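The values are calculated or read from the model by the stated rules, or taken from the named source; none is laboratory data. Note that this is a predicted model, so its numbers are computed, not measured. All Cβ positions, glycine included, derive from the backbone under ideal geometry; neighbour counts span all protein chains shown. To get the accessible areas, we keep the full protein, side chains included, count just its heavy atoms, and leave off ligands, DNA and RNA. Shrake-Rupley method; radii C 1.70, N 1.55, O 1.52, S 1.80 Å.
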Amino acid sequence: MLGPGRYLLGVVEILALGGFAWLGGAALRAWLLPRIEGAPAQLASAVVALALLIWSAEVLGTFGWLDPVPYLALVAVLGLAAWKFAPRPSEGEGGLSQPTQHVRLRETPLPTLVALLVALVAVVHFAGGVKTRLSTGMTGFDSTWYHGPFAAGFMQSGDTWDLHFIAPQFLAWFYPSNSEVFHAAGMLAFGRDVLSPLLNLGWFGGCLVACWCIGRPYRVAPWSLALGAIALSVPALADQAGEARNDIVGIFFLLAGVAIALNAWGGNGGTEKKLGREGGGSGVGAYLVVGLAAGLAAGTKLNFLLPAAVLVIGLAVLAPRGARGRAFVAGALAALAGGGYWYLRNLAHSGNPLPWIHHLGPIDLPAPEQALGGREAHSVLGYLTDGAVWSDWFLPGLHDALWFLWPLLLLATFAGLLLTLMPLLRRRDENGPMGTEIVPSAGVLALAGLVGLAAALAWLVAPTSASGPEGMPRGFESGLRYLAPALVLGLALLPTVPFLRLRLESEGHPSNGRILKTPSQLARRLSGRGVPLALLAMLLLAIALGYPVQRHYLESRYKDPTFTAPGLNAAFAWSRDISDARIATTSTRQYPLFGTDLSNQVQYLGTEQPHGGFEAPATCRAYLRLLEAGHYDYVIVTRDRVEPGKPPYPPQARWVEDAGATAVLRKSPTVVFEVDSPLALGRCGE
């Protein structure tokens, strides 16, 4: 358990990391997007700040130096350098330094109150799932299969560049890992995973802010917030609460990219002038920040690659003539900075940034020559005309994952995505002051719809969207989380549809109402009301409450697990109190074996293959040689579940026992062996 001193040390490190990153992010945002203000400005600052945290981890992790002190030092240097040297917007550029800027404040209207209530209910609902995991540990399959092991592996080794081999399924060690970097940062600060069950609650809140910002330039922010909150609360996303799953992370970055683009160019005429260096980089700055958000999404999960590409390329297409090349270069380079690291790593290790693709037309690509493993791959597209699959699997899955109102939700979603395209049918040129071209606001809104449709298409063709035996897509319901980005974006965009907007905008715009003269006057008024002190009090309260919460979590974490196999439950409970051990395993679920203090080094036994492949040994002698070479203290031989008709234990259990290891726990289908003497390889009956 963490004592008060160690807990406070972790809190200080997290606050320092966040503070320095925010300092740099806010300074860079003010330079790149000086005309954006309010919630969109804070959203853009958050995107840049999060990128600073990821970049620092990637730079250090490439050399195996990702440790607490170097990480904090590099984030501090980058944040302070950005704050010190980023150009400040001058007078007349719309930045916060402009003394004549007017800030509007009004009484909160009924739609805003209703929207905030809906959002609050959504947060409370999501927090209920977090509370459950604080009493059990993260139990989701993907959390224990690869999210948790990747994060713990980054923390233990300090290395983000080498492949972290896990169970040989789906070539998962090639997955992009932006989300896992944040879990690793929390582990570095506390030496435990006490932040991990809480992180997705923060991402959930960020998604709500992005939904508000999507509607803001069209004066319908409350409606976008409310509908987005409903979409984020569907059962398909319930497994994000308290887990290390990264769907909610990718959704945040995609929504943020769309929201920043809409606030830069959308609404009643764009606010950003033609691409150039005018206005302290305001033109190119919008392409950079939107591209960065898109890249961060693509660097989180593979299914965000297509919508991220549509967003970056679409903005370049919409740019004024003569600026499209520069717009594309700016957006593409920023996107590569946000997510390209993981694909570059894949290229270095396998010769292919997407090792799942073996062919590009007639061209053969380097890739591991091994089966993907796991569930049999099928896409929803392949079953679209199969009536039996619809009646037996798709319709029940939609009902369970999207509520019984799923037809209405899907209808509203695709209405929001498709109706944004309507203004393009009445194409017209828009000109800014003095003939300066701007990106047409209707075009950017249509692009937002196309991004959502691209997200839906990515789900439709994904090979895991309907995984399972032929005609039995058991993975369909779980795979509906890949449709969730389109669902959230479509519902958040629905109020921006022009003919709906006319009815709603008079009630939803944050700039209606009485006017305060300057930001400084607003700040003084808010200060007089004690808002800064209230925020400080809330922070101190959260820190104080965090101490007993983390103790409860660490005391309860995997104490009484309820996974599918009784033997695995026993092994995970046993491993809670094991520290600094080397553990070999045949379990796909590995994360609980790292122990409460995350000091155990856990490895699925396998051999590396060409182009980054990794396969389990098929013979007794090969298996025991790997055990001997790894100098393991314990071996956990198990199946992932009890399978009727099969022997109670896998064959490796007999191999290890015959070689002289001592069984310390035996419960079907799992045996835990202690290796306290050299193994007798000669006893293999091969």
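When the residues of the range 570-579 are filtered to those that are free of Cβ contacts under 8 Å to residues at least 24 places away in the same chain and not acidic (Asp, Glu), the one that is surrounded by the most Cβ atoms within 10 Å (Cβ to Cβ) is Phe572.
Out of the range 580-598, which residues are free of Cβ contacts under 8 Å to residues at least 60 places away in the same chain, farther than 18 Å from Arg551 by Cα and not in a helix (DSSP H, G or I)?
Pass one, the range 580-598, residues free of Cβ contacts under 8 Å to residues at least 60 places away in the same chain: 580-585, 593, 595.
Subsequent filtering for residues that are farther than 18 Å from Arg551 by Cα retains 580-585, 593.
Within the range 580-598, Asp580, Ala581, Arg582, Ile583, Ala584, Thr585 qualify.
Listed by first and then second residue, the pairs with beta-carbon distance under 6 Å, at least 6 apart or on different chains, first residue in the range 383-394 and in contact (Cβ under 8 Å) with a residue 24 or more places away in the chain and surrounded by 10 or more Cβ atoms within 10 Å (Cβ to Cβ), second aromatic (Phe, Trp, Tyr) and outside any loop (DSSP other than H, G, I, E, B), are Val389/Tyr383; Trp393/Phe476.
Yes or no, residue by residue, for (1) open to solvent by less than 20 Å² (accessible area, probe 1.4 Å); (2) in contact (Cβ under 8 Å) with a residue 12 or more places away in the chain; (3) touching a Ser or Thr at 6+ places or on another chain (Cβ under 9 Å); (4) assigned to a helix (DSSP H, G or I):
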{"residue": "Ser179", "(1), (2), (3), (4)": "yes, yes, yes, yes"}
{"residue": "Val194", "(1), (2), (3), (4)": "yes, yes, no, no"}
{"residue": "Leu208", "(1), (2), (3), (4)": "yes, yes, no, yes"}
{"residue": "Cys211", "(1), (2), (3), (4)": "yes, yes, yes, yes"}
{"residue": "Arg216", "(1), (2), (3), (4)": "no, yes, yes, yes"}
{"residue": "Leu227", "(1), (2), (3), (4)": "no, yes, no, yes"}
{"residue": "Ala236", "(1), (2), (3), (4)": "yes, yes, yes, yes"}
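Figure legend. Inter-residue proximity from the range 35-55: first residues among the basic types (Lys, Arg), second residues open to solvent by less than 10 Å² (accessible area, probe 1.4 Å), beta-carbon distance below 9 Å, spacing 6+ or different chains. Indicated pairs: Arg35/Gly95; Arg35/Ala264; Arg35/Glu272; Arg35/Ser282. Scan the range 541-554 and tell me whether some residue there is surrounded by fewer than 15 Cβ atoms within 10 Å (Cβ to Cβ), outside any helix (DSSP H, G or I) and modelled with pLDDT of 95 or more. No, the range 541-554 contains no residue that is surrounded by fewer than 15 Cβ atoms within 10 Å (Cβ to Cβ), outside any helix (DSSP H, G or I) and modelled with pLDDT of 95 or more. The criterion of being on the phi > 0 side of the Ramachandran plot and under 28 Å from the mean Cα position of the chain (by Cα) holds for Gly351. Within the range 168-183, identify whether any single residue is within 25 Å of Leu9 (Cβ to Cβ), under 17 Å from the mean Cα position of the chain (by Cα) and β-branched (Val, Ile, Thr), and answer yes or no. Within the range 168-183, one or more residues are within 25 Å of Leu9 (Cβ to Cβ), under 17 Å from the mean Cα position of the chain (by Cα) and β-branched (Val, Ile, Thr).
Please work out which residue is farthest from Asn178 (Cα to Cα), limiting yourself to the range 238-256 and to residues that are acidic (Asp, Glu) and open to solvent by less than 10 Å² (accessible area, probe 1.4 Å).
Quick first cut of the range 238-256, residues acidic (Asp, Glu) only: 239, 243, 247.
Add one more test, that the residue is open to solvent by less than 10 Å² (accessible area, probe 1.4 Å), and what stays is 243, 247.
Values: Glu243: 15, Asp247: 11 Å.
Checking each candidate, the answer is Glu243.
Residue by residue, here is whether (1) at pLDDT 95 or above; (2) open to solvent by 40 Å² or more (accessible area, probe 1.4 Å); (3) farther than 28 Å from Ala172 by Cβ; (4) within 29 Å of the chain's Cα centre (by Cα) holds:
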{"position": "Gly270", "(1), (2), (3), (4)": "no, no, yes, no"}
{"position": "Gly279", "(1), (2), (3), (4)": "no, no, yes, no"}
{"position": "Val284", "(1), (2), (3), (4)": "no, no, yes, yes"}
{"position": "Leu288", "(1), (2), (3), (4)": "yes, yes, yes, yes"}
{"position": "Gly291", "(1), (2), (3), (4)": "yes, no, no, yes"}
{"position": "Ala294", "(1), (2), (3), (4)": "yes, no, no, yes"}
{"position": "Leu305", "(1), (2), (3), (4)": "yes, yes, no, yes"}
{"position": "Leu311", "(1), (2), (3), (4)": "yes, no, no, yes"}
{"position": "Ala334", "(1), (2), (3), (4)": "yes, no, no, yes"}
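Counted as qualifying within the range 440-504 are the helices (runs of 4 or more DSSP H) with 1 or more residues that are of a type in the set (Phe, Trp, Tyr), in contact with a helix residue (DSSP H, G or I) (Cβ under 9 Å, 6 or more places away or on another chain) and open to solvent by 10 Å² or more (accessible area, probe 1.4 Å), namely 441-461.
In this structure, Glu615 qualifies as surrounded by fewer than 20 Cβ atoms within 10 Å (Cβ to Cβ), touching a Gly at 6+ places or on another chain (Cβ under 9 Å) and in contact (Cβ under 8 Å) with a residue 40 or more places away in the chain. Of all residues in the range 395-414, exactly one satisfies the criterion of being of a type in the set (Phe, Trp, Tyr), touching a residue at least 24 places away in the same chain (Cβ under 8 Å) and part of a helix (DSSP H, G or I), namely Phe414.
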